[in-house]
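What follows is one structure encoded as structure tokens, with my remarks underneath.
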Amino acid sequence: MLGLAMLATGCVAGVLAGLFGIGGGIVIVPVLEAVLGFLGVDAAIRMHIAVATSLATIVPTSISSARAHHQRGAVNVDMFKRWAVFVLIGSLIGVWIAAQVHSRVLALVFAVLALFVASKLVLFPNTRNLRDSIPRGPLVPSLLTGIGCASSMMGIGGGVFSVMTLTLFGESIHRAVGTAALFGLAISLPGATGFVFAGWDDPRVPAGSLGYVSLIGFAAIAPATILTAPIGARIAHAFSEKKLSMLFGIFLVIVSARLFYRFLA
């Protein structure tokens, strides 16, 4: 039964990864946390394991999703080459401070930002905020480092933050989604590796784990996400830019509501 739940989680996460350029962590993390609670894993490290395992599964998901979008010319490779190192550094910083930051505070910040951008995408899908081109100024590295840091702390591939940022700077929604899928790799790979080392000597981790990464969860979820991510990419390219923007905005509203509830609970 648990295996079927993991496979179902992977299928949903894979479709979301291809559709919105996200790594599926928003689905994977809460489900894994609940499953770990059912298995009796120490409450103090459940989120560590859920986040770490989510990041591990996002590695192959990001590769599959980015490849599917690249075949449709929807990945800004030059941008990735310029920005990837800052996102990667942020991911490692996020792993380092994850245990010291209260998740409820991060949930509130994420919820407010997600709701703001969702309002823009749903109500004003054809407008551009801030500027019509990707900036190259000195503030960009800080912004990218922040995206990597927050994403690794939450166990997500960064697609939510990346797509919001790229669309605010004038990138088309299709290119933003495709490029965000590639950024997910720069976040998830170093993030998962960092959690392996962070939990290496923790005696509370359950059997079948590598540090805080559950190999059992990875084995069940990763194949499903790889198979279903291209389906999400095909669905994304079936929508117009306006409709995809509104669909992504609605998705962010749902995410924001869940995070507000988590903060208030």
**OP:** Would you tally the residues in region 79-134 being at pLDDT 70 or above, among the hydroxyl-bearing types (Ser, Thr, Tyr) and farther than 30 Å from ALA50 by Cα?
**Re:** 0
**OP:** Read through the list (1) in a helix (DSSP H, G or I); (2) under 18 Å from VAL160 (Cβ atoms), then give the number of the only condition that ILE89 fails.
**Re:** (2)
**OP:** Taking THR165 as the residue in question, decide whether it is within 17 Å of the chain's Cα centre (by Cα) and touching a residue at least 24 places away in the same chain (Cβ under 8 Å).
**Re:** no
Original post:
Does region 249-261 contain at least one residue that is at pLDDT below 85, crowded, with 23+ Cβ neighbours inside 10 Å, part of a helix (DSSP H, G or I) and hydroxyl-bearing (Ser, Thr, Tyr)?
Top reply: no
**OP:** State whether the residues of region 187-207 include one that is at pLDDT below 85 and polar (S, T, N, Q).
**Re:** no
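The values are calculated or read from the model by the stated rules, or taken from the named source; none is laboratory data. Being a predicted model, the structure only gives us computed values, none of them experimental. Reconstructed Cβ throughout: ideal geometry from the backbone, glycine too, with neighbour counts over all protein chains shown.
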